[in-house]
Amino acid sequence: MRPGGKTVRWWSKLAVGALMASALVALGAPEAPVTTTPVAGSTYLCSGYSGCRSAGYSDGGYGANNGRMYWRMYSGHNCTNYAAYRMIQAGMSSERPWSGSGMAYNWGHANSRITDRTPAVGAIAWWDRYHNGIGSSGHVAYVEKVVSSTEIVISEDSWGGTFDWRRITKDSGRWPSGFIHFKDAGPTPLSNTAAPTVSGTPLVDSRLTAAPGTWSPTPRRFSYQWSAGGTAIAGATRKTFVPGADQVGKAITVTVTAHKPNRDAVAATTAATTRVGRALLDNSARPSIEGVAMLDETLSAVAGSWAPSPGRSEYFWRADGARIDGAGGATLRLTDDLAGKQISFVEIVNRDGYKQAKKYSRATDPVVVDQVEVTEPFTVSGRTEPGQVLTVHPGSYAPADAQVRYAWLRDGVPIPGATATTYAVTAADLGAVLSVRATLSRRNYLGVAQVASTPPPCGRPRRSG
C-alpha cells in the first residue's frame with residue numbers, strides 16, 4: 001500500500017539487479033552484496049526517507065548516515081548496509097560477526113545458529129536467493145513489528161530502489177525464508193507457568209521422578225539438576241533420581257531448565273521434599289541354626305535372607321529367651337550351663353541409609369547332655385496267629401533309667417491303643433507284618449527309637465535264606 005492508501009503493483013527489477021550484482025562481483029567485492037527491491041504481494045506503508053518520516057515511520061537515522069559503509073557493505077540504498085546499520089545501532093560491534101560473503105542470501109546461512117522461522121522485533125528478516133519472489137542476491141530487512149506469527153511489519157532499503165516500510169502476511173507469497181536473531185529480544189522468552197514437581201517417596205533407594213511443569217512456549221528439551229539440602233548432587237542430571245545414604249536427612253529439590261533454540265534457557269526449581277528417610281530392609285527368610293543341641297557340640301548361625309543385602313550383620317545368642325553374656329559370634333559352643341535350655345539367636349543387620357533391622361531364629365529343642373544308647377537290641381517273642389500274644393523283651397541301654405515307650409505296628413503303621421509290652425494278635429492282622437517300636441528318652445538326653453521284628457507274617461511262612 002503506497003502512501004494515500006492505494007495498493008499498487010511493483011514491477012520487478014530482477015534483471016537489472018542481477019546485472020549489477022555480476023558487475024560488482026567482477027570488481028572483486030562479493031562481500032558487498034546487491035539486492036533487488038521486494039516484489040509485489042505485500043502492503044507498503046510508506047516510501048522514501050523523508051516520506052516515511054513524514055508519515056511517522058522512522059528510518060533509524062539511516063537516511064542521514066547512508067553515505068557510510070557498515071559491516072563492509074556498500075553504502076547508499078542497499079538492504080545489507082541498512083540492516084548492518086540497524087544492528088550496530090542496536091549495540092552490535094561495527095565488525096561484521098562472520099567471515100565470508102556479505103551477500104544478502106548468505107546472511108541466514110552464515111548465521112544459521114541464530115536463524116529460525118520465528119519473527120521477533122529487532123530481528124533481521126532474511127530471504128534466500130530466489131525465495132518468494134526474490135532474485136539471485138537475496139534480501140534482508142529489519143523487523144519493526146510482529147503483529148502475529150503470520151504477519152509482520154518491516155523497514156528496508158533496496159539497491160536500485162528506495163527506503164520503505166511494508167506489511168507482509170505469511171500467505172502473501174512474500175514471507176521471509178527466516179529470521180536472524182542478532183540483537184533482538186528474540187522470540188517470546190521461555191516462561192514457567194506451572195512449577196515443576198517431584199513424585200515418589202523420599203527414602204533411600206526409592207526412585208524420585210521430576211515432572212518439568214508447564215512452559216510457554218513449549219521448550220524443545222529439558223535438563224535436570226537434583227540437589228540435597230540446597231547443594232547440587234554430582235552426576236544427578238536425569239529426570240529420575242534415587243537417593244542414597246549421603247542424602248539421608250536432607251530435603252530434595254530438582255532444578256528444571258527449559259531449552260529452546262534462540263532463547264535464553266530458563267530454570268525453575270521444585271518445592272523441597274520432606275527429608276530423605278532411611279529405608280527398611282526386607283526379610284524373606286528368618287535366620288536359622290545348624291548343628292545338634294547337645295553338650296560340647298557347636299551350633300552355627302545361618303543368616304536370614306534380606307533385601308537389599310545388609311552391609312553388616314551381628315548375632316547374639318539366647319538361652320530360653322535370655323541373652324547369653326559374651327555369646328555374640330556366628331557360633332555357640334554348648335556348655336554345661338546350657339543343658340536343658342532352648343537355644344536361639346537374634347540377627348541384627350545394618351546397611352547405610354537403612355534402619356537397623358533384627359530377626360529371631362526359631363529355638364532348638366532343649367540342649368541334651370548325651371544320647372540314649374541301646375547296647376543290646378529289643379526282641380519280640382510269640383506266634384503271629386489270631387488269638388496268640390506277642391511280647392516285647394527289653395534289651396540293654398544306657399543310661400539305665402531311660403524311659404521306654406512302646407508302639408505296636410501293623411505294616412509299619414501304629415495300631416491304635418497298642419502301647420503295652422504285649423499285643424494280642426487279631427484277625428485284622430492276617431497277612432500283615434507286625435513289629436514293635438521302642439522309644440527311649442531321658443531328661444537332657446537325645447532320645448532313640450528301635451523297631452523290633454516279630455515272627456513271620458500272620459498266615460504265611462517266613463522266607464528262608
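Just checking, how many residues over segment 410-431 are assigned to a loop (DSSP other than H, G, I, E, B) and either within 21 Å of H393 (Cα to Cα) or among the hydroxyl-bearing types (S, T, Y) (or both)? Spell out the reasoning first.
Of segment 410-431, the ones assigned to a loop (DSSP other than H, G, I, E, B) are 411-412, 415-421, 425-426, 430-431.
Now restrict to residues that are either within 21 Å of H393 (Cα to Cα) or among the hydroxyl-bearing types (S, T, Y) (or both): 411-412, 415-421, 425-426.
Total meeting the criteria: 11.
For segment 123-145, name all the residues that are outside any loop (DSSP other than H, G, I, E, B) and either surrounded by fewer than 20 Cβ atoms within 10 Å (Cβ to Cβ) or in contact with a Cys (Cβ under 9 Å, 6 or more places away or on another chain) (or both).
The first filter runs over segment 123-145 and keeps only residues outside any loop (DSSP other than H, G, I, E, B), leaving 124-127, 139-145.
Passing the criteria: H139, V140, A141, K145.
Could you say which residue among S313, S300 is at pLDDT below 95, farther than 30 Å from G230 by Cα and assigned to a strand (DSSP E or B)? Outline the logic, then answer.
Working: S300 fails: at pLDDT below 95.
Residue meeting the stated conditions: S313.
For the structure I just gave you, tell me whether W226 is surrounded by 14 or more Cβ atoms within 10 Å (Cβ to Cβ) and either of a type in the set (A, V, I, L, M) or more than 30 Å from S149 (Cβ to Cβ) (or both). Break it down into steps so the answer makes sense when it comes.
Working: surrounded by 14 or more Cβ atoms within 10 Å (Cβ to Cβ): yes; either of a type in the set (A, V, I, L, M) or more than 30 Å from S149 (Cβ to Cβ) (or both): yes.
Considered against the rule, which asks whether it is surrounded by 14 or more Cβ atoms within 10 Å (Cβ to Cβ) and either of a type in the set (A, V, I, L, M) or more than 30 Å from S149 (Cβ to Cβ) (or both), W226 comes out as yes.
Looking at segment 264-293, I want the residues that are on the phi > 0 side of the Ramachandran plot and have a partner that is surrounded by 13 or more Cβ atoms within 10 Å (Cβ to Cβ) with Cβ atoms under 7 Å, at least 6 apart or on another chain. Which pairs are those?
That search, which allows pairs on different chains as well, returns G291/E297; G291/L299; G291/S300.
Name the residues in segment 146-166 that are in contact with an Asp or Glu (Cβ under 9 Å, 6 or more places away or on another chain) and not aromatic (F, W, Y), would you?
Hits for segment 146-166 are T150, I152, V153, I154, S155, E156, D157, S158, D164, R166.
Looking at Q403, Q371, Q356, can you tell me which residue is under 25 Å from A293 (Cβ atoms) and at pLDDT 95 or above?
On the way: Q371 fails: at pLDDT 95 or above; Q356 fails: under 25 Å from A293 (Cβ atoms).
So the residue among Q403, Q371, Q356 that is under 25 Å from A293 (Cβ atoms) and at pLDDT 95 or above is Q403.
Being surrounded by fewer than 18 Cβ atoms within 10 Å (Cβ to Cβ), over 30 Å from L295 (Cα atoms) and touching a strand residue (DSSP E or B) at 6+ places or on another chain (Cβ under 8 Å) narrows it down to one residue among P414, P386; which is it? Even if it seems obvious, please write down each step before you answer.
On the way: P386 fails: touching a strand residue (DSSP E or B) at 6+ places or on another chain (Cβ under 8 Å).
After applying the criteria, what remains is P414.
Is segment 408-431 home to any residue that is within 30 Å of L338 (Cβ to Cβ) and either of a type in the set (K, R) or at pLDDT below 95 (or both)?
No - not one qualifying residue is present in segment 408-431.
What are the pairs, 6+ residues apart or on separate chains, where a residue within segment 355-368 that is in contact (Cβ under 8 Å) with a residue 60 or more places away in the chain and closer than 23 Å to S305 by Cα has its Cβ under 6 Å from a residue that is surrounded by 15 or more Cβ atoms within 10 Å (Cβ to Cβ) and among the charged types (D, E, K, R)?
K355/R278; K359/E347
Could you tell me which residue of segment 73-110 is nearest to the chain's Cα centre (by Cα), considering only residues that are within 15 Å of G160 (Cβ to Cβ) and hydroxyl-bearing (S, T, Y)?
Within segment 73-110, the match that is nearest to the chain's Cα centre (by Cα) is T80.
Would you point out which residue out of A83, A26, A21 is aliphatic (A, V, I, L, M), surrounded by fewer than 16 Cβ atoms within 10 Å (Cβ to Cβ) and either touching a strand residue (DSSP E or B) at 6+ places or on another chain (Cβ under 6 Å) or at pLDDT below 95 (or both)? Walk me through it before giving the result.
Numbers: A83 fails: surrounded by fewer than 16 Cβ atoms within 10 Å (Cβ to Cβ); A21 fails: surrounded by fewer than 16 Cβ atoms within 10 Å (Cβ to Cβ).
Result of the check over A83, A26, A21: A26.
Restricted to segment 432-448, and to residues that are in contact with a Ser or Thr (Cβ under 9 Å, 6 or more places away or on another chain) and part of a strand (DSSP E or B), which residue is nearest to G340 (Cα to Cα)?
V448
Filter segment 112-137 down to residues that are of a type in the set (A, V, I, L, M, F, W, C) and over 18 Å from C79 (Cα atoms) and give me whichever is modelled with the lowest pLDDT.
Within segment 112-137, the subset of a type in the set (A, V, I, L, M, F, W, C) is 114, 120-121, 123-127, 134.
Subsequent filtering for residues that are over 18 Å from C79 (Cα atoms) retains 114, 120.
On the way: I114: 93, A120: 89.
Only one residue tops the list, namely A120.
Here are some conditions: (1) in contact with a Gly (Cβ under 8 Å, 6 or more places away or on another chain); (2) over 20 Å from A258 (Cα atoms); (3) surrounded by 13 or more Cβ atoms within 10 Å (Cβ to Cβ). N192 meets all but one. Which one does it not meet?
For N192, the exception is condition (2).
Could you tell me whether any residue of segment 173-194 is more than 25 Å from Y57 (Cβ to Cβ) and without any contact (Cβ under 8 Å) to a residue 40 or more places away in the chain? Walk me through how you get there before you give the answer.
We begin by selecting, within segment 173-194, every residue more than 25 Å from Y57 (Cβ to Cβ); these are 189-194.
Next, only the ones that are without any contact (Cβ under 8 Å) to a residue 40 or more places away in the chain stay: 193-194.
Scanning segment 173-194, I find at least one residue that is more than 25 Å from Y57 (Cβ to Cβ) and without any contact (Cβ under 8 Å) to a residue 40 or more places away in the chain, so the answer is yes.
Is it the case that some residue within segment 425-440 is surrounded by 15 or more Cβ atoms within 10 Å (Cβ to Cβ), among the small types (G, A, S) and touching a residue at least 60 places away in the same chain (Cβ under 8 Å)? Full working, then the answer.
First, the residues of segment 425-440 that are surrounded by 15 or more Cβ atoms within 10 Å (Cβ to Cβ): 425, 429, 432-440.
Those still in the list that are among the small types (G, A, S) too: 432, 435, 438.
Subsequent filtering for residues that are touching a residue at least 60 places away in the same chain (Cβ under 8 Å) retains 438.
There is at least one residue in segment 425-440 that is surrounded by 15 or more Cβ atoms within 10 Å (Cβ to Cβ), among the small types (G, A, S) and touching a residue at least 60 places away in the same chain (Cβ under 8 Å).
Could you grab me the full set of residues in segment 298-330 that are polar (S, T, N, Q) and either more than 16 Å from N350 (Cα to Cα) or surrounded by 17 or more Cβ atoms within 10 Å (Cβ to Cβ) (or both)? Don't jump to the end; show me each part of the working.
Residues of segment 298-330 that are polar (S, T, N, Q), as a first pass: 298, 300, 305, 309, 313.
If the condition is that a residue be polar (S, T, N, Q) and either more than 16 Å from N350 (Cα to Cα) or surrounded by 17 or more Cβ atoms within 10 Å (Cβ to Cβ) (or both), then T298, S300, S313 are the ones that fit.
Tell me, which residue of segment 87-119 that is touching a residue at least 60 places away in the same chain (Cβ under 8 Å) and among the small types (G, A, S) is nearest to D59 (Cα to Cα)?
Only one residue fits best here, namely A90.
Considering only segment 287-297, state which residues are at pLDDT below 95 and either within 26 Å of R207 (Cβ to Cβ) or surrounded by 13 or more Cβ atoms within 10 Å (Cβ to Cβ) (or both). Spell out how you get there, then give the answer.
The initial filter retains those residues of segment 287-297 that are at pLDDT below 95, namely 292-297.
Hits for segment 287-297 are V292, A293, M294, L295, E297.
Going through segment 341-354 one residue at a time, which ones are surrounded by 15 or more Cβ atoms within 10 Å (Cβ to Cβ) and either assigned to a loop (DSSP other than H, G, I, E, B) or touching a residue at least 60 places away in the same chain (Cβ under 8 Å) (or both)?
Within segment 341-354, K341, Q342, E347, V349, R351, G353, Y354 qualify.
The values are calculated or read from the model by the stated rules, or taken from the named source; none is laboratory data. All of these numbers come straight from a predicted model, not from anything done at the bench. Cβ: placed from backbone, ideal geometry, glycine included. Neighbour counts: every protein chain shown.
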